[in-house]
Amino acid sequence: MIQTKKMETSQETNFSDLLTQSGPLTGGKDLVKALGYRSAAAFRQAIQRGTLPIHVFEIPGRRGRFALTSDIMNWLSDIKKHDKERDMSVT
């Protein structure tokens, strides 16, 4: 139980850091990097294929695509949780 509490605190800190850095919206190179794509071209290809792991959107009058920073953090948290569950089932 203590480890769970520590993990939640760590995730809250990471979210706070990303929120401070990017604000409520993340776009451009920061979005590409946060989603783990090697390049903007790979990101665009994922958009065309419909394989992005989170919802991204356009803002009228602005260039590029954006995502809610909270959606990025929730997705990352789910990946981490799934990875830990997989590790536990192997042992």
Only one of (1) at pLDDT 95 or above; (2) assigned to a helix (DSSP H, G or I); (3) of a type outside the set (S, T, N, Q) does not apply to Ile59, and that is (2)
Name the pairs whose Cβ atoms lie under 6 Å apart, with the first residue in the range 61-81 and in contact (Cβ under 8 Å) with a residue 24 or more places away in the chain and of a type in the set (Ser, Thr, Tyr), the second surrounded by 15 or more Cβ atoms within 10 Å (Cβ to Cβ) and not in a helix (DSSP H, G or I), and 6 or more positions between them or separate chains?
Thr69/Thr26
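Which of the residues belonging to the range 42-56 are touching a Leu at 6+ places or on another chain (Cβ under 9 Å) and not β-branched (Val, Ile, Thr)? Walk me through how you get there before you give the answer.
Our first condition is that a residue be touching a Leu at 6+ places or on another chain (Cβ under 9 Å); within the range 42-56, this holds for 43, 46, 52-56.
Listed by number, the residues that qualify are Phe43, Ala46, Leu52, Pro53, His55.
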Given the criteria in contact with an Asp or Glu (Cβ under 9 Å, 6 or more places away or on another chain), among the β-branched types (Val, Ile, Thr), surrounded by 10 or more Cβ atoms within 10 Å (Cβ to Cβ) and at pLDDT 95 or above, does Ile54 qualify?
yes
Can you tell me which of Arg44, Arg65, Arg38 is surrounded by 15 or more Cβ atoms within 10 Å (Cβ to Cβ) and modelled with pLDDT of 90 or more?
Arg65
Scan the range 24-47 and report the pairs whose first residue is at positive phi and whose second residue is surrounded by 13 or more Cβ atoms within 10 Å (Cβ to Cβ) and in a loop (DSSP other than H, G, I, E, B), with Cβ atoms within less than 6 Å and a gap of 6+ or a chain change.
Gly28/Gly64
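The values are calculated or read from the model by the stated rules, or taken from the named source; none is laboratory data. Fair warning: this is a prediction, and the values are worked out from it, not measured in the lab. We place every Cβ from the backbone using ideal geometry, glycine too, and count neighbours over all the protein chains shown.
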